[in-house]
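Asker: Following this message is one structure expressed as structure tokens.
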Amino acid sequence: MLYTASSFKNFTFFHVFTSLKSPQYYFPLIIFCLLLLIVGYIIRVKQINSTKRKLAFLVDKRTKTISRQKDQIEEQNRLVKLERDKSDELLLNVLPQNIVEELKSKGQVAIKSYQNVSVIFIDIVGFTKIAERNNPTYLVNKLNDLFSEFDSISEKYNLDKIKTIGDAYLAVGGIGGQVELSSINCVSAALEIQLLMNKLKDFASSKNEEYWEVRIGVHTGDVIAGVLGTKRIAYDIFGNTVNIAKRIESNSEPWKVNISESTYKVVKTFFNCSSRGKISTKNTGDIYMFYVNGIDDAFSSHGTFNSSSWFRDYKNFSAKSKIDFYGLEEYAIDFLTKKLAKNLLYHGPHHTKNVLEAVEKIAFNERVTPEGFILLRAAVLFHDFGYIDKYKENEKIGANYAREILPSYGFNTSQVTKICDLIMSTRVPQKPNNQLERIICDADLDYLGRKDFLSISSNFYNELKDYDLVESKNEWDQIQIKFIQNHHFFTEYSINKRSLLKKKNLEFIKDRALKNKYTK
């Protein structure tokens with residue numbers, strides 16, 4: 001029998017098909033398919049795991065590469081920051097910080113004028129002769145050591161070193177800062193430098209070695225400042241203030257701190273100064289000068305400029321505060337001088353200055369806070385402003401002036417309110433409600449227990465007579481007797497310091513009234 005290809009295919013298909021219908025063939029087929037699936041799954045899992053391992057390897061390799069690049073970038077940034085810090089440190093050694101910031105942000109520094117900065121000049125006495133008898137290397141090294149000490153002191157008191165010129169050292173306080181604080185810092189630095197020179201003298205003397213002496217001069221005024229040139233740039237200050245500071249220094253004595261009248265007006269509250277009167281100077285005429293002997297005893301139990309924690313707290317408060325008390329004092333005294341009537345022989349600007357001095361000493365001894373100290377001083381400046389417009393009921397007018405003027409000198413609303421309350425508390429009869437009010441009340445009548453009572457009392461009488469408020473000296477004495485008998489001081493300081501002499505002054509007035517004798 002012959003088979004064709006077609007018949008063969010049909011036969012095979014049919015044979016297989018019919019065979020599958022038999023149950024004995026189902027199980028092997030199912031097993032085969034399952035094995036096929038399992039093998040395929042295992043192969044696929046191996047492929048996936050292999051792919052994962054490859055991806056993990058690539059990721060790890062890439063991560064390490066990125067980490068190395070990150071470390072390299074961080075190291076480059078560190079090196080860049082290190083170089084930048086070195087550059088900034090170098091700039092700060094040459095220029096003040098605010099100038100460095102301006103130079104970095106703008107690429108240049110504008111020439112600016114600054115008002116009421118304090119310039120300090122230091123000069124080594126007889127340096128020319130010292131240079132002639134010493135080795136140049138020794139001389140330069142010793143100068144470097146000394147000026148490095150000056151740098152540390154200048155930095156401590158926030159002064160900006162300007163330059164050294166041979167044996168001269170120039171620094172300035174108050175570039176962009178507060179007048180009162182910068183002047184206090186400048187004088188404090190000057191005193192500390194002289195203290196350093198005394199220590200160096202003692203050390204050198206103990207070894208029978210040569211010691212150096214310095215003269216120091218401080219002057220407060222206006223300067224022009226800026227960076228000069230584009231190569232080897234230098235920050236410098238110019239103006240007559242610098243010239244006067246040099247004259248103040250050259251007219252000083254070794255171991256002394258010599259200051260001008262303008263500096264004295266700013267720092268007189270805190271420092272014990274002795275007047276030298278007018279001193280003739282080269283090219284600048286006569287200048288009032290003062291020697292600074294140290295911090296005023298009222299502000300330091302040890303009489304040294306750095307011994308009072310209150311004094312340091314006051315400087316710290318002033319550094320953070322926006323209050324410009326010196327500017328306010330200058331404005332207020334000038335305003336009173338121009339506006340108050342000339343026949344106010346008692347309530348003139350001199351009375352304000354007198355009460356200001358009293359309130360400062362009482363406030364310190366009563367341990368008020370630095371803020372309270374400033375509020376009291378501001379209240380004193382305005383407590384007689386009302387006399388500009390009206391003789392009686394003047395306290396309200398003074399308070400109104402204070403509300404109008406004080407905000408422009410950095411006082412906030414709360415502080416202005418407290419100052420106005422202090423002004424109102426001076427109204428006679430005095431009825432203070434708190435510590436600050438008790439202090440200003442005692443300061444306002446401080447003269448009752450002082451040696452200058454009689455002269456002040458005489459001025460008060462002449463003022464009242466001119467305003468037709470008293471007719472005779474006898475009437476005035478009776479008014480005084482009644483007033484002093486009813487008056488009492490409120491603070492411990494005034495009770496201890498003024499009560500005894502007040503009693504003696506009262507007895508004198510009583511005796512004079514009985515005898516009807518008056519000193520012309």
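Read-outs throughout are calculated quantities, based only on the coordinates presented, and are distinct from any laboratory measurement. Everything numeric here is computed off the predicted structure, so don't read it as measured data. Cβ coordinates were reconstructed from backbone atoms using ideal geometry, including for glycine residues, and neighbour counts include every protein chain displayed.
Asker: Assuming a ≥ b ≥ c are the square roots of the Cα gyration tensor eigenvalues, decide whether region 243-353 counts as rounded (a/c under 1.5), prolate (otherwise, with a/b larger than b/c) or oblate.
Answerer: oblate
Asker: Still on this structure: What does the charge count around Val470 come to, taking other residues whose C-beta lies under 12 Å from its C-beta (Lys +1, Arg +1, Asp -1, Glu -1)?
Answerer: Here the charged neighbours net out to -4.
Asker: Same structure again: Which pairs in the list Lys112/Lys322; Lys163/Lys268; Lys339/Lys390; Lys482/Lys502 are over 18 Å apart, alpha-carbon to alpha-carbon?
Answerer: Those over the limit are Lys112/Lys322; Lys163/Lys268.
Asker: Tilt of helix 325-339 relative to the longest C-alpha principal axis of the chain, in degrees (0 to 90, nearest 10)?
Answerer: In the chain, helix 325-339 runs at an angle near 40 degrees to the longest axis.
Asker: If I take every Cα pair under 8 Å that is 6 or more residues apart in the chain, average their sequence separation and divide by the length, what percent do I get for the relative contact order?
Answerer: Relative CO of the chain lands at 9 percent.
Asker: What order do you get for Cys273, Cys441 when you list them from fewest to most C-beta neighbours inside 10 Å?
Answerer: Cys273, Cys441
Asker: Calculate how steeply helix 453-466 sits against the longest principal axis of the alpha-carbon atoms of the chain, using the helix alpha-carbon long axis, and give the answer as 0 to 90 degrees to the nearest 10.
Answerer: Tilt relative to the chain: about 80 degrees.
Asker: Between rounded, prolate and oblate, where does region 109-313 land on the alpha carbon gyration tensor, with a ≥ b ≥ c its root eigenvalues, rounded for a/c under 1.5, else prolate if a/b exceeds b/c?
Answerer: rounded
Asker: Evaluate the charge dipole of region 184-279 about its Cα centre and quote only its size in Debye, nearest 20, assuming +1 on the Cβ of each Lys and Arg and -1 on the Cβ of each Asp and Glu.
Answerer: It comes to approximately 180 debye.
Asker: If you count the DSSP beta bridges with both ends in the chain, what percent of them are antiparallel, to the nearest 5?
Answerer: About 95 percent, rounded to the nearest 5.
Asker: Note the angle between two axes, namely the Cα long axis of helix 395-405 and the longest principal axis of the Cα atoms of the chain, as a number of degrees from 0 to 90, rounded to the nearest 10.
Answerer: That helix lies at roughly 40 degrees to the long axis.
Asker: Hey, another quick one. In the neighborhood of Asn240, defined by Cβ-to-Cβ distances under 13 Å, what is the net charge if each Lys or Arg adds +1 and each Asp or Glu adds -1?
Answerer: Around Asn240, the charge tally is +1.
Asker: Something else now. Given (1) 153; (2) 166; (3) 392 as candidate values of volume of the Cα convex hull per residue in Å³, which corresponds to the one derived from the coordinates?
Answerer: (3)
Asker: Tally Lys and Arg at +1 and Asp and Glu at -1 over the other residues with C-beta under 11 Å from the C-beta of Asn116: what net charge comes out?
Answerer: Neighbour charge sum, excluding Asn116 itself: -3.
Asker: Restricting to DSSP loop positions (anything but H, G, I, E, B) with no more than 13 other Cβ atoms inside 10 Å of their own Cβ, which trypsin sites (Lys or Arg not before Pro) remain in region 161-248?
Answerer: For trypsin sites (Lys or Arg not before Pro) across region 161-248 that sit outside H, G, I, E and B with at most 13 neighbouring Cβ atoms in 10 Å, the list reads Lys207, Lys231, Arg232.
Asker: Using Cβ counts within 10 Å as a stand-in for footprinting exposure, how do Ser472, Ser457, Ser206 rank, fewest first?
Answerer: Final ranking by Cβ density, sparse to dense: Ser206, Ser472, Ser457.
Asker: How would you classify region 368-506 from its alpha-carbon gyration tensor, with a ≥ b ≥ c the square roots of the eigenvalues: rounded for a/c under 1.5, else prolate if a/b is greater than b/c, otherwise oblate?
Answerer: oblate
Asker: For region 467-517, which trypsin sites (Lys or Arg not before Pro) are both in a DSSP coil and crowded by at most 13 other Cβ atoms within 10 Å?
Answerer: Lys517
Asker: Right, something else. GluC sites (Glu not before Pro), restricted to region 381-442: which are DSSP loop and have at most 14 other Cβ atoms within 10 Å?
Answerer: Listed in order of number, the matching sites are Glu393.
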